[in-house]
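Just below is one structure, and these are the notes that go with it.
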Amino acid sequence: MQRKWRTVIFTFVGVSTLAVLATAFEIRNVLTEPGQTPVKVDAVIVLGGGASSRRLGRGAELYLAGYAPTLIAYNASATVLSRLGVPDDSRTIILGPHSTWDEALKTRELVGRFGWKRIIVVTDPLHIHRSRWAFETALAPLGAVVVMVASPLPAWDADAWWKNTSSRRYVLLECAKMVHYRMVYGLGSVFAAG
C-alpha cells in the first residue's frame, strides 16, 4: 500500500513539475512574441474577446489603408465598424465562436471557401503567441500564410508585467491557455517555441 501511494505522489509531483515548467516556458513566449508588419493580404481577420474595440480599431485601420479588400470580425458590433469607416459590403461579422481555436477553425472554412492565400489576424500583443499557434495549426492543411498584427495595448509594460495585478493575471492566464491548447488540440510539443 505504501508503495502505491509513493508512486501516486511521485507521479503527481512529476506532472505538476512539467506543468510548471511548460507554463514558465510559455511566459517567455507570451512576453517576446512580436507582431508582424502588415502586408497586402486577402482578408483581415479581427478576433473577438475582451479587448475587441482596440482590435476592431486596428483591423479597420488596416482595411482602410488598403491591406485587404475584406474585413472579417468575430463577435463584433456593426455599429462600431460603421463608425470606424468600414463599409457594409466589405465586412462580415461572425457571431458564435467562443474561443481562439473556434475562430481559427471558422477561418479555415472561409480560407477554403474563398481560396485565400494570406490573411492578417489582429489581436492583442499578449494573445499573439497562442493565436499564431492556433491559426497556423488550423490553416496548415490549406497552406495559407498567417500574418499576426498587434492591436494597441496602452497599459502594457513587458519589462514590469508582474508589478500590475491585471497584467500578471493576463500573462498567467495566457500561459495556462497555451499549455491547454497544446495538450487538448494536440498538434505541437508543449516545449516547441511555436
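The values are calculated or read from the model by the stated rules, or taken from the named source; none is laboratory data. Here the structure is a predicted model, which is why all the values come from computation and not from measurement. We place every Cβ from the backbone using ideal geometry, glycine too, and count neighbours over all the protein chains shown.
Restricting to region 53-85, count the residues that are small (Gly, Ala, Ser), crowded, with 22+ Cβ neighbours inside 10 Å and in a helix (DSSP H, G or I). It would help to see each step written out before you state the result.
Of all residues in region 53-85, those small (Gly, Ala, Ser) come to 53, 57, 59-60, 65-66, 68, 73, 76-78, 82, 85.
Next, only the ones that are crowded, with 22+ Cβ neighbours inside 10 Å stay: 59-60, 68, 73, 76.
Now restrict to residues that are in a helix (DSSP H, G or I): 59-60.
Qualifying residue count, region 53-85: 2.
For region 149-181, filtered to residues that are assigned to a loop (DSSP other than H, G, I, E, B) and free of Cβ contacts under 8 Å to residues at least 12 places away in the same chain, the residue that is surrounded by the most Cβ atoms within 10 Å (Cβ to Cβ) is ASN164. When region 88-122 is limited to residues that are among the charged types (D, E, K, R) and under 20 Å from LEU56 (Cβ atoms), the one that is nearest to the chain's Cα centre (by Cα) turns out to be GLU103. Summed over region 119-146, residues that are within 18 Å of ARG54 (Cα to Cα), touching a Ser or Thr at 6+ places or on another chain (Cβ under 8 Å) and among the aliphatic types (A, V, I, L, M) total 2.
Are any of the residues in region 53-75 β-branched (Val, Ile, Thr), touching a helix residue (DSSP H, G or I) at 6+ places or on another chain (Cβ under 9 Å) and at pLDDT 90 or above?
Within region 53-75, the first condition is being β-branched (Val, Ile, Thr), and the residues that meet it are 70, 72.
From what's left, touching a helix residue (DSSP H, G or I) at 6+ places or on another chain (Cβ under 9 Å): 70, 72.
Now drop any that are not at pLDDT 90 or above, which leaves 70, 72.
Within region 53-75, one or more residues are β-branched (Val, Ile, Thr), touching a helix residue (DSSP H, G or I) at 6+ places or on another chain (Cβ under 9 Å) and at pLDDT 90 or above.
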